[in-house]
1. Under 1.5 on a/c is rounded, so check that first for the chain, then, if it is not, pick prolate when a/b is larger than b/c and oblate when it is not; a ≥ b ≥ c are the square roots of the alpha carbon gyration tensor eigenvalues.
2. Mind checking the dipole of the chain: about its Cα centre, +1 per Lys or Arg Cβ, -1 per Asp or Glu Cβ, Debye to the nearest 20?
3. Karplus couplings for segment 195-206 from phi (6.51 cos²θ - 1.76 cosθ + 1.60, θ = phi - 60°), rounded to Hz, Gly and Pro as x?
4. Given 4 °C and 1.567 mPa s, how large is the Stokes-Einstein diffusion coefficient of segment 111-166 in µm²/s, with Rh as the Kirkwood radius over Cα pairs?
5. Would segment 92-194 count as rounded, prolate or oblate if I go by the C-alpha gyration tensor, calling it rounded below 1.5 in a/c and otherwise prolate when a/b exceeds b/c, oblate otherwise?
6. Give me the percent relative contact order of segment 10-225, please, defined on Cα pairs under 8 angstrom at least 6 residues apart.
7. Taking every DSSP beta bridge with both residues inside the chain, roughly what % is antiparallel (nearest 5)?
8. Which distance in Å, rounded to a whole number, links the C-alpha centroids of segment 167-209 and segment 65-86?
Amino acid sequence: MKRNVIGWSLIVTFCFVMVLSASTLAIEQVQVASDGVFQQAEVSVALPTQPQEGNLLVAVLGARSAFTEGFFDGWELVAHASNRARQWILYKWAGAEEESTITFNFSGVTNYTLTVVEYAGVSPDSPVAGYSNIQLNEELTSLTVGPLTGANGQLALAAITVRQPVEGIFGWTNDFVAVADVTNNFEEQGLVTGVAELGVVDGETKTTGSWNGAGQPSGTLVLLNGK
């Protein structure tokens, strides 16, 4: 497999919101769904059951093209990595008649991945405590997201998207547990997104995800506040 590397760049973004207090109530993962599409302009997933009203839905989107734009009506953008492996992290509160099938549309045709996680126990006043993301045009076999300084009662969610036909994200470090791994490869046109979480956060938090083969990654670490 031939890969061309055209230079490399590094962009790291940090955003942190101070929280005056945090409870010890744990954030609970309720359900998760993930999928990927090849050469389409939309991607969707179907959660196993209808989301419960008041729970938080977190969407992790990946795109193989750096030029496509997404249409995210009704969702709040947390972080965006604008790279050849493009990534968006979004959230919304589930309504009383929230549908279990979630679809996102885009301006361009390419490969997309989507993971949606439903969480209970997230603070309704300030769901996101902070985030850090990183974008690289260098071909690598691992990527570290973070660090962020967390507190008891928060949950850390990590996501890595890799452009190139690698075989999934694995080997998450620092006790992060894999939530989803979407592999969407077709010949040389590969796109992979892995998502992992750490349910108990106390102090500096970061993790490294690895994959086999070289690829250009984008990654984000998000901290969610508990009630």
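1. oblate
2. The dipole magnitude comes to about 680 debye.
3. 10, 9, 9, 10, x, 10, 10, 8, x, 5, 10, 7
4. It diffuses with D of about 91 µm²/s by this estimate.
5. Oblate, since a/c reaches 1.5 and b/c is not below a/b.
6. 28 percent
7. 100 percent
8. 19 Å
Every read-out reported here was derived from the displayed coordinates using simple, explicitly stated rules and does not represent laboratory data. Here the structure is a predicted model, which is why all the values come from computation and not from measurement. Virtual Cβ from ideal backbone geometry, glycine too; neighbours counted across all protein chains shown.
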